[in-house]
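For reference, the structure is listed below as structure tokens.
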Amino acid sequence: MNGARLHYELQGDGFPVVLLHGGLLDLRLWDGQVGPLARHFTTLRYDQRGFGWTVAPEGQPYAPHEDLRALLDHFSMDRTHVVGQSFGGRVALDFALAFPERVSCLVLVAPEWTLDHMRGLAEVHLPHFLEPPAFTRLEQLLVPTLVVVGDKASPALRSNAELLARRVPALTRVTLPGVGHLPNLERPEDFNRVLLGFLLAQASTHVGEAPLG
């Protein structure tokens, strides 16, 4: 897809949920979430370029949110819930702004705007993001949005969550105590409760719609 072979896993049945891992990770980040989610949703996760088992040519410019669009097109998923952690949150934001009609709700887990911690990889795989950047256009996000951050996360991540809370119109913010950069790994039961509660609440607004996927 778009010059790459994306490694993915698809589980469950129902309205689609796509899971976007953070930088320097892969789809296994979501091992603790896929089971609970798949009881209610069609759950799609994949390795982004430069990670896991995805194969992509080096030095070829690409847009991560376009990879997501191509994968959803492949499965005929017209609309989906989008969940992104850290760098995956940046991809989720870009996708929601570029294709708002395809996003039912948005979940941002310790979202991060920069690529400083993965600069070498970025220089090889050349990701291109929305211009102007998504974090300067947050008022345009009109879908229900959940942001989850730990109270032990870095000041930059907590600041990102605060910025989202101020500028995204339909936002719910949850701060998990004793948690750092990876809430879904550090406190999976609490994280799953928050995530499922939010997604199921959105699903109730789609009563009468046929499942997508």
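The values are calculated or read from the model by the stated rules, or taken from the named source; none is laboratory data. Just so you know, these numbers come straight off a predicted model, no measurement behind them. Note that we place each Cβ from the backbone using ideal geometry, even for glycine, and neighbour counts take in every protein chain shown. Surface accessibility is based on the protein's heavy atoms, side chains included, excluding ligands, DNA and RNA. Shrake-Rupley method; radii C 1.70, N 1.55, O 1.52, S 1.80 Å.
Here are a few things to note about the model shown:
- If the condition is being surrounded by fewer than 17 Cβ atoms within 10 Å (Cβ to Cβ) and within 21 Å of residue 97 (Cα to Cα), then the stretch 18-65 contributes only 61.
- Residue among 71, 10, 19 that is over 24 Å from residue 180 (Cβ atoms) and assigned to a strand (DSSP E or B): 10
- Scoring residue 51 on the criteria (1) assigned to a loop (DSSP other than H, G, I, E, B); (2) under 16 Å from residue 192 (Cα atoms) leaves a single failure, condition (2).
- Residue among 69, 90, 79 that is within 24 Å of residue 138 (Cβ to Cβ), in contact (Cβ under 8 Å) with a residue 60 or more places away in the chain and open to solvent by 40 Å² or more (accessible area, probe 1.4 Å): 79
- Residue 197 being in contact with a Ser or Thr (Cβ under 8 Å, 6 or more places away or on another chain) and either without any contact (Cβ under 8 Å) to a residue 24 or more places away in the chain or open to solvent by less than 40 Å² (accessible area, probe 1.4 Å) (or both): no
- Scan the stretch 143-167 for residues that are within 16 Å of the chain's Cα centre (by Cα) and either part of a loop (DSSP other than H, G, I, E, B) or more than 23 Å from residue 17 (Cβ to Cβ) (or both) and the total you get is 2.
- Residue 88 fulfils the conditions (1) more than 22 Å from residue 132 (Cα to Cα); (2) under 13 Å from the mean Cα position of the chain (by Cα); (3) of a type in the set (Gly, Ala, Ser) except for a single criterion, (1).
- Selection status of residue 84, modelled with pLDDT of 95 or more, closer than 24 Å to residue 198 by Cα and in contact with a His (Cβ under 9 Å, 6 or more places away or on another chain): yes
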